[in-house]
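Student: Got a structure for you, written out below as structure tokens; questions coming shortly.
The values are calculated or read from the model by the stated rules, or taken from the named source; none is laboratory data. Small disclaimer: the values here were computed from a predicted structure and weren't measured. Glycine also receives a Cβ, built like all others from the backbone with ideal geometry; neighbour counts cover every protein chain displayed.
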Amino acid sequence: MSFPLYSKQAEIKGKVALITGGTKNLGAATATELAKFGANLFLHYHSSSDKESSEDLSKKLSSEYSVKVELYQGNLNTAQELSDLYKAAKKAFPEGVDIAINNVGKVLKKPLVEISEAEFESMDQINNKTAFFFIKEAGLNVNQGGKIISIVTSLLAAYTPFYSIYQGTKAGVEYYSKAASKELKDKGISVNSVAPGPMDTPFLYGQETEGDISFYKSVGLGDRLTQVEDIVPIIRFLATEGGWITGQTIYASGGFTAH
């Protein structure tokens, strides 16, 4: 059985995109990009403190692009919570989800010998467990011919100290995606990861010194950090014309790392 691929951007009009962490930073920019081409949105956000800004984004996207936007607030720490996420999406959009994008993650920069069990478990839960069950539930719920995209990190290709727990808990996502791309082939679903370089968002600055930031800029194209705007078109491409790409990790770091 064959499934049609999107041959142009506009063909996501009327499709449904589920985005975790979808109301700020890269997630919000991705939501905006997909809305421009007519995709309806099911946007997850984690903290109740983000409710007002999430609602503002929802109203803005609905008004500007005439798309339907539904919000979902909650933790995604357990398999049941990931299942509930997709159930809520199905309730909001009975036609089902066509594009599933996992944008949640947590970073910790710390010597390996100083990492506590509690820190390990927190990182493992968010970066590894949540990612695994997101892909599992996507495999069970995404429509035929759909797209599953996970955000990882270009540090997966780095030989560096202090990021052991971040690299280690993100590394599994590559292999979950590879396996799922094979297992979901007969449903025409592509499964990929995108690996940004150090990105100019609050996610980065809490971990780094000014010297670190200067170094990251110095090794990238144009002597700058990765911008959200560098990554969004790649995600959109994988959700549209890039449907023939599957089982891959796309590194987009301006030369910070190469794989």
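Student: Being surrounded by fewer than 19 Cβ atoms within 10 Å (Cβ to Cβ) and under 14 Å from the mean Cα position of the chain (by Cα) is the requirement here; does Val228 meet it?
Tutor: Numbers: surrounded by fewer than 19 Cβ atoms within 10 Å (Cβ to Cβ): yes; under 14 Å from the mean Cα position of the chain (by Cα): yes.
So Val228 fits the description; yes.
Student: Quick test of your reading of the structure: Gly139 fulfils all but one of (1) in contact (Cβ under 8 Å) with a residue 60 or more places away in the chain; (2) of a type outside the set (A, V, I, L, M, F, W, C); (3) assigned to a helix (DSSP H, G or I). Name the failing condition by number.
Tutor: Exception for Gly139: condition (1).
Student: May I ask you to list the residues in the stretch 186-200 that are free of Cβ contacts under 8 Å to residues at least 40 places away in the same chain and within 21 Å of Ala17 (Cα to Cα)?
Tutor: Here is the first cut: in the stretch 186-200, the residues free of Cβ contacts under 8 Å to residues at least 40 places away in the same chain are 200.
Within the stretch 186-200, no residue meets the criteria.
Student: Which of the residues belonging to the stretch 162-192 are among the small types (Gly, Ala, Ser), over 17 Å from His259 (Cα atoms) and either over 17 Å from the mean Cα position of the chain (by Cα) or surrounded by fewer than 21 Cβ atoms within 10 Å (Cβ to Cβ) (or both)?
Tutor: Residues of the stretch 162-192 that are among the small types (Gly, Ala, Ser), as a first pass: 164, 168, 171-172, 177, 179-181, 188, 190.
Imposing the further condition that a residue be over 17 Å from His259 (Cα atoms) reduces the set to 164, 179-181, 188, 190.
Across the stretch 162-192, the qualifying residues are Ser164, Ala179, Ser181, Gly188.
Student: Still on this structure, please answer the following. Right, Glu81: at pLDDT 95 or above, acidic (Asp, Glu), closer than 30 Å to Asp212 by Cα and part of a helix (DSSP H, G or I) or not? Walk me through how you get there before you give the answer.
Tutor: Details: at pLDDT 95 or above: yes; acidic (Asp, Glu): yes; closer than 30 Å to Asp212 by Cα: no; part of a helix (DSSP H, G or I): yes.
Criteria not met by Glu81.
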